[in-house]
Amino acid sequence: MVIYILAYIVLGLVSIYLILLIMGLYLLKKGPLAFDEVSLEDDGGKYVETDDRRKVEYFVFGNLEPQSKVVICMHGSGPEAMSELALNEKCCKELGLKGIAISLPGYGYTDMNPGRKVVDWPKEDLSAVLKKEKVDKFMIIGHSQGTAHAMAAAYCYPERCEGFGLNAPFLPSSISKEEGVVSAIGSGSLPNTETIEKFYMAWYFAVMHLSLVTFSPWFPMKAMKMPSTNATYKIMQDTLKRAVVRGSVGGTYETAHDVCYDWGFDPREIKNDNICIWHASDDKLCPLEIGKWLRDYYQNKLGVKVNFRSDDLGFGHFTYKQGEFLEPEQSMIKALLKGRNKRKPISNNI
């Protein structure tokens, strides 16, 4: 009897694997949906082509005068650029800044970029947007996965970046290991791009599709544990839907370990004297220890001032993406702007 039960269990598991495998292979063969310029324009967005002909969507908001100071706003893993517009537009308008929100590869209408490094993003996607919008100097803020890209921008453009803000940051795997700092969730379990591109791993794309499309936004919102009464709740619901307007394949590639945790640069080599690090004490996705290590590392550098705070308001990873922190005077953008007005020029040769 036991043998029959075990046989049925094995048969069931094999069947599930084969179904997911076939589904994943279909998704890969189908690829992302076509870029839709009309729909992007209807959303109020723009796009630019990189040197390798990839299309990158972005949104411009706030004070649109040509001489306005600029802040780049980067979303985390899962959302897309319109979430940053919704969260930061009021701040930019009242503080007189021009905001630019850019969707990372595979999210929204931005073309995917399988196997990319974080360090490639400023030199490809960000560079193309800055050039089109005629932006020289800028500040940049990011949340979660966006913090890696904010640091990359500061690293690649030391003379142009007038400050960077990190909301719930994390570190590349190599630095976490070398410095003995706890890693963010998934750093030890996510497969690399080379692995997920193997035939037998097609199931991974099927599982991600079920999570990002079929059961979204219900499933991701449950994981966030954000009350439905929160003003940010609706924004996150909308952005999770829009993030997959071209399908889930691009977003799945963005979950690969090498894309998330092998950045291609050392954040310890960043030279900047205007830094904000906000990290909630109850963050379970990117533990507070990471933010504290970054704070201590940067503020020990001569002339560097770090704006650090660590409240515990019960929202964990999203503490600083809601409530009072969306008000201009309480925002990270305001804190970064204050630091920018006090800073001295710093250059860095990389």
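None of the figures in this text is laboratory data; all of them are computed from the coordinates on show. Source: prediction; values computed, not measured. Cβ placement follows ideal geometry from the backbone for every residue including glycine, while neighbour counts extend to all protein chains displayed.
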Exercise for review: Calculate I(q)/I(0) for region 1-132 by the Debye formula, one identical point scatterer on each C-alpha and no solvent, and give its log10 at q = 0.21 Å⁻¹ to two decimals.
Suggested key: -1.24
Check your understanding: Using the 10 angstrom Cβ neighbour count as an exposure proxy, how do C161, C73 rank, fewest first?
Key -> C161, C73
**Study point:** Degrees separating the helix 145-156 axis from the principal Cα axis of the chain, which is the longest one
**Key:** 50
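At 25 °C and 0.890 mPa s, grab the translational diffusion coefficient of region 183-306 from Stokes-Einstein with a Kirkwood Rh over Cα pairs, rounded to a whole number in µm² per second.
On the way: Rh = 17.2 Å.
Estimated diffusion coefficient is 142 µm²/s.
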Revision key, fill the gap. To the nearest 10 degrees, the tilt of helix 288-299 (Cα long axis) against the first principal axis of the alpha carbons of the chain is 30
Review point. Given +1 on the Cβ of Lys and Arg, -1 on the Cβ of Asp and Glu, and no further charges, what dipole in debye does region 1-74 carry about its Cα centre, rounded to the nearest 20?
Key: 460
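Within a Cβ distance under 10 Å of A101, other residues only, what is the Lys/Arg minus Asp/Glu net charge? Provide the component values of the computation, followed by the final result.
Values: positive: none; negative: E57, E80, E84, E89.
Here the charged neighbours net out to -4.
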**Study point:** Separation in nanometres of the label points that stand 7 Å from Cα toward Cβ, at W218 and K93
**Key:** 3.5
Check your understanding: Quick one: putting +1 on the C-beta of Lys and Arg, -1 on the C-beta of Asp and Glu, what dipole do you get for region 10-342 around its Cα centre, in Debye to the nearest 20?
Key -> 240
Point to revise | For C73, net neighbour charge (Lys/Arg +1, Asp/Glu -1) across residues whose Cβ lies under 13 Å away | key: 0
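Gain in length, S15 to K284, computed as 0.36 nm per residue apart minus the alpha-carbon separation, to one decimal in nm? Mind showing how you got there, number by number?
Working: separation 269, 0.36 × 269 = 96.84 nm, distance 3.45 nm.
Full-extension gain reported as 93.4 nm.
Give, rounded to the nearest 20 debye, the magnitude of the charge dipole that region 200-270 has about its Cα centre when Lys and Arg contribute +1 at Cβ and Asp and Glu contribute -1 at Cβ.
Details: 7 positive and 6 negative charges, 107 e Å.
Dipole of region 200-270, to the nearest 20 debye: 520 debye.
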Practice item. Just the number, please: Stokes-Einstein D of region 1-77 in µm²/s, Kirkwood Rh from C-alpha pairs, 4 °C, 1.567 mPa s. Key: 73
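Can you give me the relative contact order of region 123-277 as a percent, contacts being Cα pairs under 8 Å and 6 or more apart?
Working: 168 pairs, mean separation 48.0, N = 155.
Here the relative contact order equals 31 percent.
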Review point. Taking the Cα-to-Cβ direction at N230 and at K198 and moving 7 Å from each Cα, how far apart do the two end points lie in nm?
Key: 3.8
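Would you list M74, M221, M332, M1 from fewest to most Cβ contacts within 10 Å? Mind showing how you got there, number by number?
Values: M74 29, M221 15, M332 26, M1 5.
Fewest-to-most Cβ neighbours within 10 Å comes out as M1, M221, M332, M74.
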Practice item. Within 10 Å of each residue's Cβ, count the other Cβ atoms and sort R160, R53 from fewest upward. Key: R53, R160
Exercise for review: Rank F138, N167, G186 by how far each Cα sits towards the positive end of the charge dipole of region 110-192 (+1 on Lys, Arg Cβ; -1 on Asp, Glu Cβ) and give me just the farthest.
Suggested key: F138
**Study point:** Rough spin-label spacing in nm, given labels placed 7 Å along Cα→Cβ, for L64 and V2
**Key:** 7.3
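Would you kindly calculate the mean projected area, averaged across all directions, of the convex hull enclosing the Cα atoms of the chain, in square nanometres? Write out the running numbers ahead of the final one.
Details: hull surface 76.7 nm².
Quarter of the Cα hull surface area: 19.2 nm².
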Revision key, fill the gap. When the chain is treated as a Gaussian network with springs between alpha carbons less than 10 Å apart, the largest mean-square fluctuation among K123, K241, K301 is found at K301
Check your understanding: What net charge is computed for the residues neighbouring V181, neighbours being all others with C-beta under 15 Å from the C-beta of V181, Lys and Arg scored +1, Asp and Glu -1?
Key -> -2
Review point. Against the longest alpha carbon principal axis of the chain, how many degrees, from 0 to 90 and to the nearest 10, is the axis of helix 81-95 turned?
Key: 20
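If I take every Cα pair under 8 Å that is 6 or more residues apart in the chain, average their sequence separation and divide by the length, what percent do I get for the relative contact order? Provide the component values of the computation, followed by the final result.
On the way: 682 pairs, mean separation 75.0, N = 350.
Value for the chain: 21 percent.
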